[in-house]
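Please read the structure below before turning to the comments.
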Amino acid sequence: MNWYGIRAIYKFEMARTWRTLMQSIASPVLSTSLYFIVFGAAIGSRMGEIEGISYGAFIIPGLIMLSLLSESISNASFGIFFPKFSGTIYEVLSAPVSAFEVVAGYVGAAATKSLLLGLLILLTARFFVDYQILHPFWMLGFLVLTAVTFSMFGFIIGIWADDFQKLQVIPLMVVTPLTFLGGAFYSINMLPEFWQKVTLFNPVVYLISGFRWSFYGIADVNIGVSLAMIFLFLLLCLTGIWWIFRTGYRLKS
């Protein structure tokens, strides 16, 4: 295992975060804070409780997951796309590092940024809404698994994209709508029975449901099913990355 190679890629990507601190960290935290102010403090105070939880507290897991998914994908996709765009990807491919070590460096840095952002949002929420975390171990587990999985997904998008516009297509046109429709701001049990069944085809439902369970012990779907879906998506991402390095898809052209 070439730990020096992994550390070099990791440190390079993390250094870019500190150079763009306002864009990478401050901006997402401020944007999410507006959700807490509007939906948590203003609108939430005038709404009833959902399964015994105040509305402001109920939406915290969904808002954190919304930021975590988008930032994980964005950080990882840009991290690998820019070397392709500038041509420095050939230096990485010719270096004495394996595919696993390259992925570990880029995905590890992207996941670290997303985890840092998620924890900062969690701390920021305390200023606006009172909440509790019944299962802190599982909460951190869901954060780590989600950050790593969607950083891998972002890595695949960064390889697939051949221009800057394509980097934003899937996060904006697919992931964000699925998050809003995945129970970030409501329980799917509030929907008509037909739409409850339709919503179960949305993979983000399982992420938000499991994450919310770690806070309050309530979930729209079984916690075991949520974990199984996360590991399934993780396996799919690992398979996709393996195929990319096995075939050289858009890496050597």
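The values are calculated or read from the model by the stated rules, or taken from the named source; none is laboratory data. Predicted model, so just to flag it, every value in this text is computed and none were measured. Neighbour counts are summed over all protein chains in view; Cβ atoms, including those assigned to glycine, are modelled from backbone coordinates with ideal geometry.
Checking the condition touching a residue at least 24 places away in the same chain (Cβ under 8 Å), within 16 Å of residue 1 (Cα to Cα), in contact with an Asp or Glu (Cβ under 9 Å, 6 or more places away or on another chain) and in a helix (DSSP H, G or I), which residue from 105, 79, 118 passes?
Working: 79 fails: within 16 Å of residue 1 (Cα to Cα); 118 fails: within 16 Å of residue 1 (Cα to Cα).
That would be 105, the only listed residue that is touching a residue at least 24 places away in the same chain (Cβ under 8 Å), within 16 Å of residue 1 (Cα to Cα), in contact with an Asp or Glu (Cβ under 9 Å, 6 or more places away or on another chain) and in a helix (DSSP H, G or I).
Restricting to segment 82-102, count the residues that are in contact (Cβ under 8 Å) with a residue 12 or more places away in the chain and among the polar types (S, T, N, Q).
Number satisfying all stated conditions: 1.
Scan segment 142-181 residue by residue and report those that are without any contact (Cβ under 8 Å) to a residue 40 or more places away in the chain, farther than 17 Å from residue 84 by Cβ and not aliphatic (A, V, I, L, M).
Within segment 142-181, 177 is the sole residue that qualifies.
Pull up segment 215-225, narrow it to residues that are in contact with a Leu (Cβ under 7 Å, 6 or more places away or on another chain) and in a helix (DSSP H, G or I), then point me to the one that is farthest from residue 141 (Cα to Cα).
216
Return the pairs, sorted by first residue and then second, in which the second residue is modelled with pLDDT under 95 and basic (Lys, Arg), the first residue lies in segment 228-242 and is under 14 Å from residue 144 (Cβ atoms) and surrounded by 14 or more Cβ atoms within 10 Å (Cβ to Cβ), the beta carbons are less than 7 Å apart, and the residues are 6+ apart or on different chains.
Short answer, once both residue conditions are applied: none.
Determine whether segment 70-85 contains at least one residue that is closer than 30 Å to residue 216 by Cα and of a type in the set (A, V, I, L, M, F, W, C).
Yes: segment 70-85 contains one or more residues that are closer than 30 Å to residue 216 by Cα and of a type in the set (A, V, I, L, M, F, W, C).
List the number of the failed condition for residue 184; all other conditions in (1) assigned to a loop (DSSP other than H, G, I, E, B); (2) within 12 Å of residue 68 (Cβ to Cβ); (3) modelled with pLDDT of 90 or more; (4) not basic (Lys, Arg) hold.
Every listed condition holds for residue 184 apart from (3).
Output the residues belonging to segment 121-140 that are surrounded by 13 or more Cβ atoms within 10 Å (Cβ to Cβ) and free of Cβ contacts under 8 Å to residues at least 24 places away in the same chain.
140
State all residues of segment 163-186 that are of a type outside the set (Phe, Trp, Tyr) and either in contact with a helix residue (DSSP H, G or I) (Cβ under 8 Å, 6 or more places away or on another chain) or closer than 12 Å to residue 72 by Cβ (or both); if no residue qualifies, say none. If you could, list the steps in order and put the result at the bottom.
Step one: of segment 163-186, the residues of a type outside the set (Phe, Trp, Tyr) are 163, 165-179, 181-184.
Passing the criteria: 166, 167, 170, 171, 175, 176, 178, 179, 181, 182, 183, 184.
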